[in-house]
Amino acid sequence: MDKEALFWPIQLEYMSKYIGLASFVIGTLFFTAYLTAPSDEVFRLGLLFVLGAVIVNSTMVFLLFIGAFLFKPYTQRLLKTALAILINIPIAISYVWILFN
């Protein structure tokens, strides 16, 4: 395998971490904004963000699984990153549960 091929999983790992963290931070900002000043507009924007984040994060997790399968030396790193992104799911569910109860 050439050097460029081995650089791809590292790029994927860092990009996935950045996207996962950004999703968490932006989602938390929407959640906090709605709790402090409830409005239909913030609620709708938050829901649109969640839908977009689900699509983007699901794609990243899928790519991480593919990368873990294709690049054996990076399997553990890529699977840990996928797990870190998947941690956003129970956080998002708890935010929704709080908003609707």
Do the sum for the chain: with -39,500 (n - 2.57) for every DSSP H run of n ≥ 4, divided by all residues, what is the mean residue ellipticity at 222 nm, to the nearest 500 deg cm²/dmol?
-> -31000 deg cm²/dmol
Per-selection metrics, the range 57-101 (Cα): Rg and Dmax in Å | 13.7, 46
So how much slack lies between Ile66 and Leu47, counting 0.36 nm per residue of separation and subtracting their Cα-Cα distance, in nm?
-> 4.0 nm
How large is the charge dipole for the chain, taken about the Cα centre, if only the Cβ atoms of Lys, Arg (+1) and Asp, Glu (-1) carry charge, to the nearest 20 debye?
-> 300 debye
Signed unit charges on C-beta, dipole axis of the chain, positive-most listed residue Leu29, Trp97, Pro73 = Pro73
Cα extents of the chain along the three principal axes, largest first, in whole Å?
-> 54, 20, 16
Note on the chain: contact order normalised by length, alpha-carbon pairs under 8 Å, 6 or more apart, percent, works out to 35 percent
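Bear in mind that the values in this text are calculations on the coordinates, not laboratory data. These numbers were taken from a predicted model, which means no experiment stands behind them. All Cβ positions, glycine included, derive from the backbone under ideal geometry; neighbour counts span all protein chains shown.
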